[in-house]
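The block underneath contains the structure these notes are about, expressed in structure tokens.
Values quoted throughout were computed directly from the atomic coordinates according to the rules given, and no laboratory measurement underlies them. In this text the structure is predicted, and so the values were computed from the model without any measurement. Note that each Cβ is placed from the backbone with ideal geometry, even for glycine, and that neighbours are counted across all protein chains shown.
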Amino acid sequence: MPRMSLFRFGPARDPAHFVRGQGVYLRPAGMDDYPAWAELRAASRDFLEPWEPTWPDDDLTRAAFRRRVRRHADEIARDEAAPFLIFREGDDALLGGLTIGQIRRGVAQAATVGYWMGARHAGRGYMSGALRAGASYAFATLRLHRLEAACLPQNARSIALLEGAGFRREGMARAYLRIAGVWRDHVLFALLDSDPVPPRRPKPANNA
């Protein structure tokens, strides 16, 4: 898997912070991302809510975003997570987010990956590029051995995304996560640092 470029954590817009993938790049959020983040999340609410934990009442406020940025900085400093926003190359449009979280060191060297994509950008191959870049970063830079993911059995798009990036289905976890206020079963996937990653399928020219 190719090595991604992310060597240190400093200001969110520091080029040394960027993880670059095919058609996209990832970097941690900063407060100047708030307007684009809040607009994209609000516009995508109906698209995202069926697959996510219940949104707090103040989720889209500037104060909540500031707390999020501070929490992410603390998680990065403690080597607990690597949270990123996803941007499109060329025009720097915000597309979504991807987090490598719950990092476990010691004998595990594992983490979980979660992601979201704005409704207007879904189905265009951006998340495939972001997931592959994030996985490469997890193995090459964080030196993890195992990357885990879980999704609802009804989420065919997410299952296809994970399988297309080389993740293997490992089983079903009952009442695994509380999604939209209800404990839901999830399909479990994992990718090892030694697993082959299948080539990306070409997308139509109008689906970047």
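Using a Gaussian network model on the chain with a 10 Å cutoff between Cα atoms, which of G101, G30, G181 fluctuates the most?
Evaluated over the chain, the most mobile residue of the options is G181.
Residue by residue through the stretch 56-61, what is 3J(HN,Hα) from phi via Karplus (6.51 cos²θ - 1.76 cosθ + 1.60, θ = phi - 60°)? Round to whole Hz and write x for glycine and proline.
3J(HN,Hα) across the stretch 56-61, in whole Hz: x, 4, 9, 4, 9, 7.
Gain in length, E163 to D91, computed as 0.36 nm per residue apart minus the alpha-carbon separation, to one decimal in nm? List each step's numbers first, then the result.
Details: separation 72, 0.36 × 72 = 25.92 nm, distance 2.88 nm.
Full-extension gain reported as 23.0 nm.
When only C-alpha pairs under 8 Å and at least 6 residues apart count, what is the relative contact order of the stretch 90-208, in percent?
Values: 170 pairs, mean separation 27.3, N = 119.
After rounding, I find 23 percent.
Simple spin-label model, 7 Å along Cα-to-Cβ: N155 to R66 in nm?
3.1 nm
Grab the Cα-Cα distance for L192 and A77, subtract it from 0.36 nm times how many residues apart they are, and report the gain in nm with one decimal.
38.9 nm
Using a Gaussian network model of the chain with C-alpha springs under 10 Å, which one of M117, M127, M172 is most mobile by mean-square fluctuation?
In this elastic network of the chain, the residue with the biggest mean-square fluctuation among M117, M127, M172 is M172.
So between D185 and R104, what do we pick up on full extension, going 0.36 nm a residue minus the alpha carbon distance?
Here the segment from D185 to R104 would lengthen by 26.9 nm.
Which of these values of Rg and Dmax of the Cα atoms in Å was calculated from the structure shown: (i) 16.7, 53; (ii) 16.5, 49; (iii) 16.2, 45?
(iii)
Pairs of Cα atoms under 8 Å, at least six residues apart: use those to get the relative contact order of the chain, whole percent.
Over the chain, the number comes to 20 percent.
Choose one answer from V182, V19, V197: the residue with the largest mean-square fluctuation in a GNM of the chain with alpha-carbon springs under 10 Å.
Answer for the Gaussian network model of the chain: V182.
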